[in-house]
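J.: Just passing along the structure, written as structure tokens.
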Amino acid sequence: MTSLTANTQDDTRFSDRALFDSVRTRRVLAFLLDYFFIFLLCILAVPLVAIFGVATFGFGWLLYAILAPTVALTYIAWTVGGPKQGTWGMQVMDLCLVRYDGQPTDWVTGVVHAVLFWVIHSILTPAIALIALFTRHKRLLHDIVLGTVAVRRSQFSAISE
């Protein structure tokens with residue numbers, strides 16, 4: 001009985017079609033922007049790791065092996081788990097990631113969302129992104145698993161107020 005109530009609440013909260021207007025295209029563009037931002041952050045981190053490596057007599061240079069994933073996961077945790085609930089790319093594209101249960105997206109959800117995305121897309125190929133063509137609210141597999149949905153930020157804040 002409680003799941004029926006939750007589904008009814010979800011249906012009314014996400015019933016406005018404007019929430020999902022061009023979400024798929026915006027997610028692709030946000031993805032590309034985010035990888036550019038992560039690349040820039042990695043470039044900024046390289047000299048820091050170099051200095052740390054010198055200070056630790058070369059031991060710190062082992063961090064280069066995990067630099068890109070660490071920067072990416074930190075970036076996602078900080079931005080998706082932050083008050084704007086979206087990466088910088090998502091913010092530029094007027095998107096945010098919200099949970100179906102109404103709770104704010106925290107940093108753990110952001111990190112798990114990113115890891116699931118990478119795992120699912122590396123195992124099942126990027127063609128799995130086509131699932132967004134057939135799912136309600138244009139969700140991807142990792143969105144469905146986590147109970148999240150990407151919506152237009154401007155439309156969602158108008159409805160939430």
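The values are calculated or read from the model by the stated rules, or taken from the named source; none is laboratory data. The structure displayed is predicted, hence computed values, not measured ones. With ideal geometry, Cβ positions are generated from the backbone for all residues, glycine too; neighbour counts draw on all protein chains shown. For the accessible areas, the whole protein counts, side chains as well, though only heavy atoms, and no ligand, DNA or RNA atoms are used. Shrake-Rupley method; radii C 1.70, N 1.55, O 1.52, S 1.80 Å.
J.: Scan the stretch 124-158 for residues that are among the small types (G, A, S), under 17 Å from T25 (Cα atoms) and loosely packed, with under 12 Cβ neighbours inside 10 Å and jot them down. Spell out the reasoning first.
T.: Keep residues of the stretch 124-158 that are among the small types (G, A, S), which gives 127, 129, 132, 147, 150, 154, 157-158.
Now restrict to residues that are under 17 Å from T25 (Cα atoms): 127, 129, 132, 150, 154.
Hit for the stretch 124-158 is A127, nothing else.
J.: Still on this structure, I have one more. Out of the residues in the stretch 77-99 that are part of a helix (DSSP H, G or I), open to solvent by 20 Å² or more (accessible area, probe 1.4 Å) and touching a residue at least 40 places away in the same chain (Cβ under 8 Å), state the one that is farthest from H142 (Cα to Cα).
T.: Top of the filtered list is V92.
J.: Next up: Anything in the stretch 26-81 that is touching a Phe, Trp or Tyr at 6+ places or on another chain (Cβ under 8 Å) and not hydrophobic (A, V, I, L, M, F, W, C)? List them, or say none.
T.: D34, G53, G60, Y75, T79, G81
J.: Would you say T25 is assigned to a helix (DSSP H, G or I), open to solvent by 70 Å² or more (accessible area, probe 1.4 Å), within 27 Å of G147 (Cα to Cα) and at pLDDT 95 or above? Show your work before the answer.
T.: Values: assigned to a helix (DSSP H, G or I): yes; open to solvent by 70 Å² or more (accessible area, probe 1.4 Å): yes; within 27 Å of G147 (Cα to Cα): yes; at pLDDT 95 or above: no.
For T25, the condition - assigned to a helix (DSSP H, G or I), open to solvent by 70 Å² or more (accessible area, probe 1.4 Å), within 27 Å of G147 (Cα to Cα) and at pLDDT 95 or above - is not met.
J.: May I ask you to list the residues in the stretch 100-123 that are open to solvent by 40 Å² or more (accessible area, probe 1.4 Å) and touching a residue at least 12 places away in the same chain (Cβ under 8 Å)?
T.: First, pick out the residues of the stretch 100-123 that are open to solvent by 40 Å² or more (accessible area, probe 1.4 Å): 101-104, 106-108, 112, 115-119, 122-123.
Listed by number, the residues that qualify are D101, G102, P104, D106, W107, V108, V112, V115, L116, F117.
J.: The conditions are (1) touching a helix residue (DSSP H, G or I) at 6+ places or on another chain (Cβ under 8 Å); (2) at pLDDT below 95, and W78 fails exactly one of them. Which is it?
T.: Going through (1) touching a helix residue (DSSP H, G or I) at 6+ places or on another chain (Cβ under 8 Å); (2) at pLDDT below 95 one by one, W78 breaks only (2).
J.: Something else: Among the residues of the stretch 58-68, is there at least one that is assigned to a loop (DSSP other than H, G, I, E, B) and not acidic (D, E)? Before you say what the answer is, go through the steps one by one.
T.: Residues of the stretch 58-68 assigned to a loop (DSSP other than H, G, I, E, B): 58.
Restricting the remaining residues to those that are not acidic (D, E) gives 58.
For the stretch 58-68, residues assigned to a loop (DSSP other than H, G, I, E, B) and not acidic (D, E): present.
Matching residues to (1) modelled with pLDDT of 85 or more; (2) in contact with a strand residue (DSSP E or B) (Cβ under 6 Å, 6 or more places away or on another chain); (3) loosely packed, with under 12 Cβ neighbours inside 10 Å:
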position	(1), (2), (3)
T5	no, no, yes
T8	no, no, yes
C42	yes, no, no
L48	yes, no, no
I51	yes, no, yes
W61	yes, no, no
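J.: Among the residues of the stretch 133-151, write down those that are under 17 Å from R99 (Cα atoms) and either aromatic (F, W, Y) or part of a helix (DSSP H, G or I) (or both).
T.: If we filter the stretch 133-151 for residues that are under 17 Å from R99 (Cα atoms), which is where we start, we get 135-151.
Selection gives R136, H137, K138, L141, H142, D143, I144, V145, L146.
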